[in-house]
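Worksheet for the structure shown next.
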Amino acid sequence: TKEEHNMRVRIEKDLCSACEMCVDACPEVFELDETGQAQVKVDPVPPELEEACREAAEECPSEAIVIEE
């Protein structure tokens, strides 16, 4: 049997600068909340979106995206 692979992602709200880079990189996973800060829409991250999610984390200028695998 194939082992379940569940990537989880969260936003460190105190680090988020609301730059929207994560939304641009992976809009299926990230969105801005009513205060303009990033939030995660899907948890765990679907396997087909993991690469885009990693890209978003790497591009985040304030390193507010935390990936847990």
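Among residues belonging to region 58-69 that are out of contact with any Ser or Thr (no Cβ under 8 Å at 6 or more places or on another chain) and within 16 Å of Leu32 (Cβ to Cβ), point out the one that is most open to solvent (accessible area, probe 1.4 Å).
Restricting attention to region 58-69, the residues satisfying the condition of being out of contact with any Ser or Thr (no Cβ under 8 Å at 6 or more places or on another chain) are 58-60, 63, 65-69.
In the following step, the residues that additionally are within 16 Å of Leu32 (Cβ to Cβ) were identified as 59-60, 65.
Working: Glu59: 77, Cys60: 20, Ile65: 20 Å².
For region 58-69, the residue satisfying everything is Glu59.
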State whether the residues of region 30-50 include one that is out of contact with any strand residue (DSSP E or B) (no Cβ under 9 Å at 6 or more places or on another chain), of a type outside the set (Asp, Glu) and not in a loop (DSSP other than H, G, I, E, B).
no
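Here is a check on your reading of the model: is Glu31 within 10 Å of the chain's Cα centre (by Cα) and open to solvent by 50 Å² or more (accessible area, probe 1.4 Å)?
Details: within 10 Å of the chain's Cα centre (by Cα): yes; open to solvent by 50 Å² or more (accessible area, probe 1.4 Å): yes.
Yes: the conditions hold for Glu31.
Does Glu55 qualify as being closer than 23 Å to His5 by Cα, surrounded by 14 or more Cβ atoms within 10 Å (Cβ to Cβ) and not hydrophobic (A, V, I, L, M, F, W, C)?
Numbers: closer than 23 Å to His5 by Cα: yes; surrounded by 14 or more Cβ atoms within 10 Å (Cβ to Cβ): yes; not hydrophobic (A, V, I, L, M, F, W, C): yes.
Yes.
Being out of contact with any Phe, Trp or Tyr (no Cβ under 8 Å at 6 or more places or on another chain) and part of a helix (DSSP H, G or I) is the requirement here; does Asp24 meet it? I'd like the intermediate steps shown before the answer.
Numbers: out of contact with any Phe, Trp or Tyr (no Cβ under 8 Å at 6 or more places or on another chain): yes; part of a helix (DSSP H, G or I): yes.
The answer is yes for Asp24.
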Kindly indicate whether any position in region 5-27 is open to solvent by 60 Å² or more (accessible area, probe 1.4 Å), without any contact (Cβ under 8 Å) to a residue 40 or more places away in the chain and of a type in the set (Ser, Thr, Tyr).
no
Pairs, first touching a residue at least 60 places away in the same chain (Cβ under 8 Å) in region 40-69, second open to solvent by less than 70 Å² (accessible area, probe 1.4 Å), C-beta under 8 Å, six or more apart:
Ile67/Met7; Ile67/Val9; Ile67/Cys53; Ile67/Arg54; Ile67/Ala57; Glu68/Met7; Glu68/Val9; Glu69/Met7
Selection over region 31-54 where residues are in contact with a Cys (Cβ under 8 Å, 6 or more places away or on another chain) and closer than 13 Å to Ile67 by Cα yields a count of 4
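The values are calculated or read from the model by the stated rules, or taken from the named source; none is laboratory data. Bear in mind that the values here come from a model prediction, so they are computed numbers and not experimental data. Counting neighbours? That spans all protein chains shown, and the Cβs are built from the backbone with ideal geometry, glycine included. The protein model used for the area step is the full one, side chains on, heavy atoms only, and it has no ligands, DNA or RNA in it. Shrake-Rupley method; radii C 1.70, N 1.55, O 1.52, S 1.80 Å.
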